[in-house]
Amino acid sequence: MPGAVRTIFISVTAFLFTAACASTKPMPTVPTVDLPRFMGKWYVIANIPTFIEKGAHNAIEEYTLTPEGEIDTVFTFRADSFEGKEKRYNPRGFIFNKATNAEWRMQFLWPFKSEFLISYLDEKYSQTVIARTHRDYVWIMARQPVIAEADYAKIIAFLREQGYDISRIQKVPQRW
């Protein structure tokens, strides 16, 4: 590649990379999370599903704090219907920001870890939102399998303000 063409190519690549990085504003997290209080069962009320979650019914995420300070996670759901085959996944959670406990990394497959941001958490620790900086996935979860419509609307408004495409958010059927 001639010198001038190489310089232009490098300049354009650097510009596109910088523009891509600058366009993703950080996703806020809650100021602090009391980890023992956050542990336990969370029903997935709605999400932008990953490929493994499409068609999930009765989805539940359950967290247990290990003595090493990691998070044992059990994610279960029924595939495609309430009577569908039960699916179970056991990712491992790692506290990434120990000052707030609101930023984790989840490891489904070694050595890869995915961003997991606790961006909303009510005072009672009964409703939460797990988000990502890229706004590609989100999980609205609660301690009960349903939440009030007013609470759901408030969370959706919060996610819209944070730059999520809320048209992609799907309610997860829950029947217990």
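Quick one: would you say ILE45 is touching a helix residue (DSSP H, G or I) at 6+ places or on another chain (Cβ under 8 Å), surrounded by 15 or more Cβ atoms within 10 Å (Cβ to Cβ) and among the β-branched types (Val, Ile, Thr)? In short, yes. Within 19 Å of THR128 (Cβ to Cβ), part of a loop (DSSP other than H, G, I, E, B) and free of Cβ contacts under 8 Å to residues at least 40 places away in the same chain - does that describe any residue in the stretch 69-87? Looking for residues that are within 19 Å of THR128 (Cβ to Cβ), part of a loop (DSSP other than H, G, I, E, B) and free of Cβ contacts under 8 Å to residues at least 40 places away in the same chain, one finds none in the stretch 69-87, hence no.
If you check PHE94, PHE51, PHE75, PHE38 for being at pLDDT below 95 and under 19 Å from GLN107 (Cβ atoms), only one passes: PHE51. Scanning the stretch 20-71 for residues that are within 23 Å of ARG160 (Cβ to Cβ) and of a type in the set (Phe, Trp, Tyr) gives TRP42, TYR43. Among residues of the stretch 29-46 that are among the charged types (D, E, K, R), those with a beta-carbon under 8 Å from a residue that is in a strand (DSSP E or B) at least six positions away or on a different chain give the pairs LYS41/ILE60; LYS41/GLU61; LYS41/GLU62. From the list TYR164, TYR125, the lone residue that is touching a Lys or Arg at 6+ places or on another chain (Cβ under 8 Å), under 24 Å from HIS57 (Cβ atoms), in a loop (DSSP other than H, G, I, E, B) and modelled with pLDDT of 95 or more is TYR164. Annotation: GLU62 fulfils all but one of (1) over 19 Å from SER126 (Cβ atoms); (2) among the charged types (D, E, K, R); (3) modelled with pLDDT of 95 or more; (4) not in a loop (DSSP other than H, G, I, E, B); the unmet one is (1). For the stretch 128-152, taking the residues that are small (Gly, Ala, Ser) and outside any strand (DSSP E or B), the one that is surrounded by the fewest Cβ atoms within 10 Å (Cβ to Cβ) is identified as ALA150. Screening ASP165 against (1) surrounded by 18 or more Cβ atoms within 10 Å (Cβ to Cβ); (2) within 28 Å of PHE82 (Cα to Cα); (3) of a type outside the set (Phe, Trp, Tyr) leaves a single unmet condition, (1). Counting the residues of the stretch 95-112 that are surrounded by 10 or more Cβ atoms within 10 Å (Cβ to Cβ), of a type in the set (A, V, I, L, M, F, W, C) and closer than 18 Å to TYR137 by Cβ gives 5.
Of the residues ARG175, ARG105, the single one that is touching a strand residue (DSSP E or B) at 6+ places or on another chain (Cβ under 8 Å), in a strand (DSSP E or B) and basic (Lys, Arg) is ARG105. Mind checking which residues of the stretch 56-89 are surrounded by fewer than 16 Cβ atoms within 10 Å (Cβ to Cβ), in contact with a Gly (Cβ under 9 Å, 6 or more places away or on another chain) and not hydrophobic (A, V, I, L, M, F, W, C)? Once the filter is applied, which keeps residues that are surrounded by fewer than 16 Cβ atoms within 10 Å (Cβ to Cβ), in contact with a Gly (Cβ under 9 Å, 6 or more places away or on another chain) and not hydrophobic (A, V, I, L, M, F, W, C), the stretch 56-89 yields GLU62, THR64, GLU70, ASP72, ASP80, SER81, GLY84.
The values are calculated or read from the model by the stated rules, or taken from the named source; none is laboratory data. Model, not experiment: these values are computed from the prediction. Cβ atoms come from the backbone with ideal geometry, glycine included; neighbour counts cover every protein chain shown.
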